[in-house]
Every structure is written in C-alpha cells, then in structure tokens.
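Okay, structure first, notes after.
The values are calculated or read from the model by the stated rules, or taken from the named source; none is laboratory data. Nothing here was measured: the structure is a model prediction, and the numbers come from that model. All Cβ positions, glycine included, derive from the backbone under ideal geometry; neighbour counts span all protein chains shown. Quick note on the areas: whole protein, heavy atoms, side chains included, nothing else; ligands and nucleic acids left out. Shrake-Rupley method; radii C 1.70, N 1.55, O 1.52, S 1.80 Å.
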Amino acid sequence: NYNLSWLENLLYRYVLIPQTKKALLQQKEDYSWTDSRPNWGPGRIDPFNPVKFNTLKLPKDNTIGNSDMMPLWNQKMHKGFALHWDGLETSLTETVQTGAIGDGATKKSLPVADLQRVEDFIQELPPPKYPFAIDEQVAAKGSQIFANTCASCHAFGGERTGTVIPVEEVGTDRHRLDMWTQEGADTYNHFGDGYPWDFKNLRKTNGYVSVSLDGLWLRAPYLHNGSVPSLQDLLEKPENRPQVFYRGYDVYDPKKVGFITEGDEAKAIGFKYDTTVTANSNQGHIYGTDLSDENKKALIEYLKTL
C-alpha cells in the first residue's frame, strides 16, 4: 500500500488512468478483427495480419495467417535460404528488424544495434541435440532412405532446400500463403524510407519453403500450421493423420517423435486442435507416406539425429 500525494492523486485520476483506458480501448478496436479468426493456441501466431492492418494501415481483409513459430537456431547455415514459411523475405537482418516492428517497435524506436546482437546470437546458436537414446544401426539405414527420399528438399546442400515449393505441389493448407499479399510486400518495402535502416527484400511468393531439418525433433507439431502432431503421423497419408489432438502439453514421446497430444493430461493442459477448422488443415506433404513401415521406422530414427 502506498499513500499518494495530492499531486499524484490528480495525476492518476485525470491523466494516467484515463489515458491508459483510452489506449486499451483503442487496442481493443485495432484488434477486433481477431474476433472473427480461429484461435491460434499455444506456439502459434498470425505473424503478418497485425502488421498489415495496424502498422502498414492496409484495408482489413478476411485472410487467416495462423502458423507455427519457426525455430531461430543455426541461422549461419541458412544463408541464402528464403525466410518465413512462405519465403516472403530473403534477408535475415530485415527479418529480425521486421520481427521487432511486429512486436511493437516504431520507426523511431527500432533498436538497430540491439537487433544486430540478436542476429549474431541466432547465427551461432546450435540446434538442440536429441536427448534420448538412438539406435545407431537403424539410423544408419534411415540415413540412406533420407538421402534418396528427402535430401533434395531438406538437407543442407539439397538443390531445393531453402527454396519455395509451389503450393500446388506441396499441397498443404494455403491460408498462411494467401494472407501475405503483393500490396503488403510493396508497402513494407517503403516503410523505412528516410531512415538509416531500410527494407527492400520483402516479396510475395506462391508456395512454402522446403526447410532444413536441423533440430527437427523439437519442432513438433509439424507442417507450417502445426497440424500434424509427430513425425510418425507425418509419414501417414493425410486421411490417417489425427484429426483432433491437444497441443501445448510438454511431455515428449520418443517413439512417435513429438509431444504427447492425447490422454487426460494432454487434454487438461493443451489446446484442442481441430483440423476441420479453417486454416488448420493437415493435408499435403505426402512425401514418404508410401514407404514401408520398416523404412519409415528407420527414417524416423535418422531424423532424430538432425
């Protein structure tokens, strides 16, 4: 408890409290568009609609950008890769800076020097190592399967790794892709005009990036919208993948390679993810689904080592 002075009483009553109330009501109005969108749930966000509507002042549309948060580690190995799920950026510096703007920095307050330290840190931050036992013999077999089935799109040095794969080919939910527009890219590229920092690499694409798989074991749930609970599920045909599960429970399943998403504890703690909800589809990425059960097991064992 604190006894305010007469001056502090006046300041709180007539300035601080009214201005705080005004700002909160304005924020409620600015983000009212989220009321008509599906809930993100833990570990997900709509990363660019808030920027489109509130920062760039573009007209509100009906798009849904809900997607998983991408890992930041090991960025030195990602040099030259397209960035964000849809490859809308090609500059790591700009990605870090636009991330700060998306979280509330303004043109005048953008902490460029601090953000450079963030960029330096994530360049060198190593991917986390798988903490459980690995069957090295089975993983060795899986390595060959990976080389023949997955490496061209997902291994460092693969001809398509870090490039944008057309959405018609990969077949995953296109809402995140459609959320970002050419108008958004053009407007954002002029956002910093007149400032020492500037943006020029934002763009519109027609697909999703074939990401490298370093630290893959910790990235569950999978696909850009987090719609597939585990690697085991990802290697199933879409119709055989879980339709409803609970994400946000932090107990790991080494066998399936993902977090536990079923059972009373997962249900009590987690967020109910329903793949029939708009933008939550678990379709697409059918690569590897035709492998035998034995080869799938070997491939998963190898993927633990990445």
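When residues in region 69-118 are screened for being touching a Ser or Thr at 6+ places or on another chain (Cβ under 9 Å) and either among the acidic types (Asp, Glu) or on the phi > 0 side of the Ramachandran plot (or both), 6 of them pass. Of a type outside the set (Asp, Glu), under 21 Å from Val209 (Cβ atoms) and at pLDDT below 95: is that true of Gly102 in this structure? Answer is yes for this residue. Only a single criterion out of (1) over 20 Å from the mean Cα position of the chain (by Cα); (2) part of a strand (DSSP E or B); (3) not hydrophobic (A, V, I, L, M, F, W, C) is not satisfied by Thr187, namely (2). If you check Thr63 against the conditions, is it out of contact with any helix residue (DSSP H, G or I) (no Cβ under 6 Å at 6 or more places or on another chain) and touching a residue at least 40 places away in the same chain (Cβ under 8 Å)? No, not satisfied. What do you reckon, is Asp274 among the acidic types (Asp, Glu), closer than 29 Å to Trp180 by Cβ and open to solvent by 20 Å² or more (accessible area, probe 1.4 Å)? It is true that Asp274 is among the acidic types (Asp, Glu), closer than 29 Å to Trp180 by Cβ and open to solvent by 20 Å² or more (accessible area, probe 1.4 Å). When Tyr31, Tyr12, Tyr2 are checked against the criterion of being of a type in the set (Ser, Thr, Tyr), touching a Leu at 6+ places or on another chain (Cβ under 8 Å) and without any contact (Cβ under 8 Å) to a residue 60 or more places away in the chain, a single residue qualifies: Tyr12. Of the residues screened, Glu169 is not one that is farther than 30 Å from Lys57 by Cβ, open to solvent by 50 Å² or more (accessible area, probe 1.4 Å), out of contact with any Cys (no Cβ under 7 Å at 6 or more places or on another chain) and in a loop (DSSP other than H, G, I, E, B).
Of all residues in region 172-197, those that are over 18 Å from Asn49 (Cα atoms) and surrounded by fewer than 17 Cβ atoms within 10 Å (Cβ to Cβ) total 5. Only one entry in Lys200, Lys141 is over 18 Å from the mean Cα position of the chain (by Cα), of a type in the set (Lys, Arg) and exposed (fewer than 13 other Cβ atoms within 10 Å of the Cβ), namely Lys200.
Taking Tyr208, is it under 28 Å from Tyr249 (Cα atoms), of a type in the set (Ser, Thr, Tyr), buried (at least 20 other Cβ atoms within 10 Å of the Cβ) and modelled with pLDDT of 95 or more? The answer is yes for Tyr208. Kindly indicate whether any position in region 35-46 is over 21 Å from Glu183 (Cα atoms), out of contact with any Gly (no Cβ under 8 Å at 6 or more places or on another chain), in contact (Cβ under 8 Å) with a residue 12 or more places away in the chain and open to solvent by less than 50 Å² (accessible area, probe 1.4 Å). Within region 35-46 (the criterion being over 21 Å from Glu183 (Cα atoms), out of contact with any Gly (no Cβ under 8 Å at 6 or more places or on another chain), in contact (Cβ under 8 Å) with a residue 12 or more places away in the chain and open to solvent by less than 50 Å² (accessible area, probe 1.4 Å)), the answer is yes, since at least one residue qualifies. Of the set (1) under 30 Å from Lys108 (Cα atoms); (2) surrounded by 21 or more Cβ atoms within 10 Å (Cβ to Cβ), all apply to His224 but (1). None of Asn280, Asn240, Asn295 is open to solvent by less than 30 Å² (accessible area, probe 1.4 Å) and among the polar types (S, T, N, Q) except Asn280.
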